[in-house]
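The values are calculated or read from the model by the stated rules, or taken from the named source; none is laboratory data. What you see is a predicted model, and the numbers here were worked out from it, not measured in a lab. No Cβ is skipped: glycine too gets one built from the backbone with ideal geometry, and neighbour counts run over all protein chains shown.
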């Protein structure tokens, strides 16, 4: 069952909509207890403040929901390259390769797709390179050059 919105809360939120950056910064400092906010963007600060006001008024996520979120992050976090690996085990075996692997790359097994002119390009990310049309390449740049005939930065060409 959802709670009816509090008119005082709605009034406070709408008043913040027209507040200056300095007023938002002061409100953020009061709510979060930090000396300065992490951003100078008014819309971002407004959203963070509104979320915190609603959380204070109606309560945050339940313990079960927080636990579920943490479980999903541990299982499917693409930023830390843990997704789809059994037991979260690293796909890179030795330290030398681990240091050389670019963290912007998707995890091994991911298929990168790109529409280029009239064709759909599919590149599979491997542990130690990339596969395109059954051939293995060391870099995305090499694949982009193969496709276009010109030098392209692989990350830019594939929008990574």
Query - Residue tally, condition modelled with pLDDT of 90 or more and in contact with a strand residue (DSSP E or B) (Cβ under 6 Å, 6 or more places away or on another chain), over the stretch 112-137 - result: 12
Query raised in the report: Looking at residue 34, is it at pLDDT 75 or above, assigned to a loop (DSSP other than H, G, I, E, B) and surrounded by fewer than 12 Cβ atoms within 10 Å (Cβ to Cβ)?
Result: yes
Query raised in the report: How about the stretch 131-152: which of its residues are in contact with a helix residue (DSSP H, G or I) (Cβ under 7 Å, 6 or more places away or on another chain) and closer than 14 Å to residue 102 by Cα?
Result: 139, 140, 141
Requested in this report: Please go through the stretch 114-130 and pick out each residue that is surrounded by 14 or more Cβ atoms within 10 Å (Cβ to Cβ) and touching a helix residue (DSSP H, G or I) at 6+ places or on another chain (Cβ under 8 Å).
Outcome: 114, 121, 123, 130
